[in-house]
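The values are calculated or read from the model by the stated rules, or taken from the named source; none is laboratory data. Just so it is clear, the structure is predicted and the values come from calculations on it, not from any experiment. Positions of Cβ are generated from backbone atoms using ideal geometry, with glycine treated the same way; all protein chains shown enter the neighbour counts. What goes into the accessible areas is simple: the full protein's heavy atoms, side chains included, and nothing from ligands, DNA or RNA. Shrake-Rupley method; radii C 1.70, N 1.55, O 1.52, S 1.80 Å.
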Amino acid sequence: MKGQVLCEKRTASDGSCVAVLTMDNKPVNALSAGVRVGLEKQLQELTADSSVKAAVLSGGPGVFCGGADISEFATGVEGPSLTDIIAAIENSEKPVVAAIDGVSLGGGYEVALGCHWRLASSRAQAGLPEVNLGILPGAGGTQRLPRLIGAEKSVDFICRGTPMKAQKAVQLGLYDQLVDGDYSSLLQAAVEFAAKAAGQDLTLRRLGRGKAKAAELSQKRQEYAKSRKGELAPQAIISCVEAAVAQDFQDAMKVEFSEFCKLMVGPQAQALQYMFFAQRQCQKVPGLDKAAAPGTCGIVGAGLMGSGIAMCCAENGIKVVLLDIDQKNLDRGMTAIKKNYARSVERKSKSQAQVDGLLASITPSTSYDSLGHCDIVVEAVFENMDLKRKIFAELDRVCKPGCVLASNTSGLNIDSIAEATKRPQDVVGCHFFSPANVMPLLENVRGPRTAPQVMAKAMAFGAKLKKVTCLVGNCPGFIANRVMNVSGWTHLIQGGLLPHQIDAAAEAFGMRMGPTRMMDLVGLDLFGRERERKGEQDPDRVVFDAMYKASRFGQKSGKGYYSYDASRRHSRDPEAEALIQQVWKNLGVQPREMSQEEIIDVLYLPVVNEGFKCLEEGMALRASDIDVCCVFGYNWPRYTGGPMKWGFSLGLDQVLAKVEKMGLKPSELLKEGAQKKWRINSKEFNAGVASAWNSRWTSKL
Ligand code: CAA
């Protein structure tokens, strides 16, 4: 059984004996069965031992408790229930004081709510992030919190799911008192506090009684239906908080239990819990050693991407040399950075002193020689192979031995770029998503000649930048762009559906923005010019070409597939639709109606098929890595678990049949999976994927 609870007896200054109970389950003191059994046993001993007057509950230095053990959810939770343990803490006749250092999250914060007082160090954080796992705080959290801080504030705190730092948490009433100093000062203060509280009437300190103060929450329902569109948990949370207002504690707990159970067995909870582990797993690459993160980063190109990467580095303690050989471009890039930070000061998300520090850590330069001391250099110029090769030859000349030479290309061949240097083993792709200082994903692209220790340094770079960092193979578009670019959008728009029909289906599926609106946002001119330059004639791009020729470039020109007002709000545009209808006429296509499900199949089953191709080619290490790339790079709805998890949930035989019906060439791995009825993360599937990966890479690790 994982975890335990340690007990040490301490004598307070008034001579009374206080039991210090410490949850012990590394790394985050999750409430695994061993911890729950330990708590139950220690609470019984607390009651039985008349020499002990009070208790302090802690998690040791650095972390109080990260909540219920999420890995137990899939296998089934055994042992005493957290709800009963929290009730036992709360009903103890002897005071129990929580001493919180580090995070107190989910079930961990619910345990703290069961304690009679909550003392916290300045490193403490309170949070009920269950909503991000598709569930709700199901051990009384939706009931005790409204009785402590009120219904409206509770709804916001639980539905946002964002942890709150100690000082703010004290202001909101989540903690009773802040204690200065380190963990031992906190523990000492908690022992003294508990000793003084011994013998007091604890009735008013018990949150599990009566009702919460009346509040009207219908507004909150609408607010969270919008801000957490498509998610079931926020609405269930509001129902529980409504029950806290309307019903006595025990009855309201029944509502919480029922809502919790409904969510827990649903597909959203399963997908979000899968995502929790997927996000952490993708950063782990078998065979790669740990490497030190770079301290100084050179960035070549001061455009939107380069300046975004520069901000991202500066904000995470990496010194930057921002290089552009054109002084005007450099000035423009630095001005954009300064403007961005000025807005942060206005919004009070950063102080002027912080911004001054960040700007001081970015050195603008027009000379390659200034990159000589950098540990990593990221090239971030526009997508032109000749230009990139020239830059890499120059980097080869000036960079110190061991410097990682990275390209931010979003799809060009890393190997061809590496050929321009005498050190191809030092060349990797670091594919940031725009805007680089906002988007959480970093794809680290491994070229065929990239050395493992260079790859390890690139992974450490991503971790230092706090990006969700995924190692991907060197193929056109890498992972996120490659799989998302095969979506069946052209098939639909040239097959008789108008932009609003396609986008409505995609947005109802959970995409933040339908694919047509997304294209308008990115701008049609970007691809249009490139296609013009290459003289490409693509029968699948006839609608696109018609838009481009009509100078309908998207949001930036006020019109694209939609028209846009001054606030960039989109609306259907008869002119654009007439252009599309003209294309249909030329192609002999009739307008069509399709169900939401049919549209989603055409849009996204090709993405699943392409994901399988990435796996069989050894371009992705795991199916969940592809999901992570799509969720964090393309805002694919997290609560479906990403395209691969979604595909598996439909059944691979269904996916295969539909992919074949669409006339697409199915992946061999998909065929095998459909025939063998693989489930995601099943042993057989993982073995199939691992063998494809190993045959491409292991010999080189
Ligand atoms: N259960 C099981 N494992 C957990 C866990 C949890 N609640 N929280 C973290 N872990 C594991 C991670 O999977 C990771 O494992 P590996 O090293 O094997 O990958 C390890 O602990 C360290 O986690 P992180 O890499 O995330 O470390 P961090 O220091 O960056 O962050 C954290 C620590 C802030 C606690 C973060 O892990 C986190 O947010 N955890 C989830 C918190 C949460 O959602 N709690 C609610 C659980 S549900 C609940 O409590 C329901 C209820 O009401 C009954």
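Between K585 and K661, what FRET efficiency follows from the Cβ-Cβ distance if R0 is 25 Å, with the result rounded to 0.05?
Efficiency, rounded to the nearest 0.05: 0.40.
When only alpha-carbon atoms count, how far does segment 296-478 stretch along each of its three principal axes, as whole angstroms with the largest first?
46, 32, 26
Explain nothing, just the number: relative contact order of the chain, from Cα pairs under 8 Å at least 6 residues apart, as a whole percent.
Once normalised by length, the contact order is 9 percent.
Grab the beta carbon distance between E532 and V438, set R0 = 30 Å, and tell me the FRET efficiency rounded to 0.05.
Here the calculated transfer efficiency is 0.50.
Under a plain spin-label model, where a point goes 7 Å from the Cα along Cα-to-Cβ, how far apart in nm are R696 and H491?
My value for the distance between the label points is 2.3 nm.
Kirkwood hydrodynamic radius of segment 4-265 from all distinct Cα pairs, in Å?
18.2 Å is the Kirkwood radius here.
K466 to S682: extension gain in nm, 0.36 nm per residue of separation minus the Cα-Cα distance?
This chain segment gains 74.8 nm when fully extended.
Go through segment 50-64 residue by residue and turn each phi into a ³J(HN,Hα) via Karplus (6.51, -1.76, 1.60, θ = phi - 60°); whole Hz please, and just put x for glycine and proline.
6, 6, 8, 9, 7, 9, 10, 10, 9, x, x, x, x, 8, 7
Positive end of the dipole of segment 418-532, charges at C-beta (+1 Lys, Arg; -1 Asp, Glu), about the Cα centre: which of Q494, M439, P515 has its Cα farthest in that direction?
Working it through, the farthest residue towards the positive pole turns out to be M439.
For V56, what residues show an amide H to amide H distance below 5 Å, using hydrogens built from the backbone and excluding near sequence neighbours?
Distant-sequence amide H within range of V56: A19, V20, L21, V97.
Quick query: amide H of V321 versus all other amide H atoms, modeled in the peptide plane; which residues come in under 5 Å with a sequence gap of 5 or more or a different chain?
Long-range HN contacts for V321: C297, G298, I299, T363.
Provide the gained length on full extension for the span S349 to D251, in nm with one decimal, where the gain is 0.36 nm per separating residue minus the Cα-Cα distance.
Gain in length upon complete extension: 31.1 nm.
At a Förster distance of 51 Å, what's the computed FRET efficiency of E223 paired with D84, Cβ-Cβ distance as r, to 0.05?
0.90
Given a 1.4 angstrom probe, I'd like the percentage of the accessible area of segment 200-342 that is carbon and sulfur, rounded to a whole number.
55
Under the Karplus relation 6.51 cos²θ - 1.76 cosθ + 1.60, θ = phi - 60°, what is the ordered set of whole-Hz ³J(HN,Hα) values for segment 270-283, x standing for Gly and Pro?
5, 5, 5, 6, 4, 4, 3, 6, 4, 4, 7, 5, 5, 7
Would you kindly work out the equivalent ellipsoid of the chain from its C-alpha gyration tensor and give its semi-axes, the square roots of five times the eigenvalues, largest first in whole Å?
48, 31, 25
For helix 249-264, what angle does its Cα long axis make with the longest principal axis of the chain, in degrees from 0 to 90 and rounded to 10?
30
At 7 Å along the Cα-to-beta-carbon direction for both S416 and L359, put a label point, then send me their distance in nm to one decimal.
Distance between the two pseudo-spin positions: 4.1 nm.
Give a residue-ordered list of calculated ³J(HN,Hα) values for segment 87-100 (Karplus: 6.51 cos²θ - 1.76 cosθ + 1.60, θ = phi - 60°; whole Hz; x for Gly, Pro).
Computed from phi, the couplings for segment 87-100 are 4, 5, 4, 4, 7, 4, 6, 9, x, 10, 10, 7, 10, 9 Hz.
Using the heavy atoms of the protein chains and a 1.4 angstrom probe, tell me the accessible area per residue for segment 381-518 in square angstrom.
Per-residue accessible area for segment 381-518 comes out at 33 Å².
In debye to the nearest 20, how big a dipole does the chain give about its Cα centre with +1 on each Lys and Arg Cβ and -1 on each Asp and Glu Cβ?
Approximately 780 debye in magnitude.
For segment 4-265, with every protein chain kept in place, what is the accessible area per residue (1.4 Å probe, Å²)?
41
Out of residues 5 or more away from T409 or on other chains, whose amide H comes under 5 Å of its own, with H placed 1.01 Å from N in the peptide plane?
Sorted by chain and number, the residues that satisfy this are C430.
For segment 580-701, what does the accessible surface come to per residue with a 1.4 Å probe? Please give it in Å².
With the other protein chains kept in place, segment 580-701 gives 46 Å² per residue.
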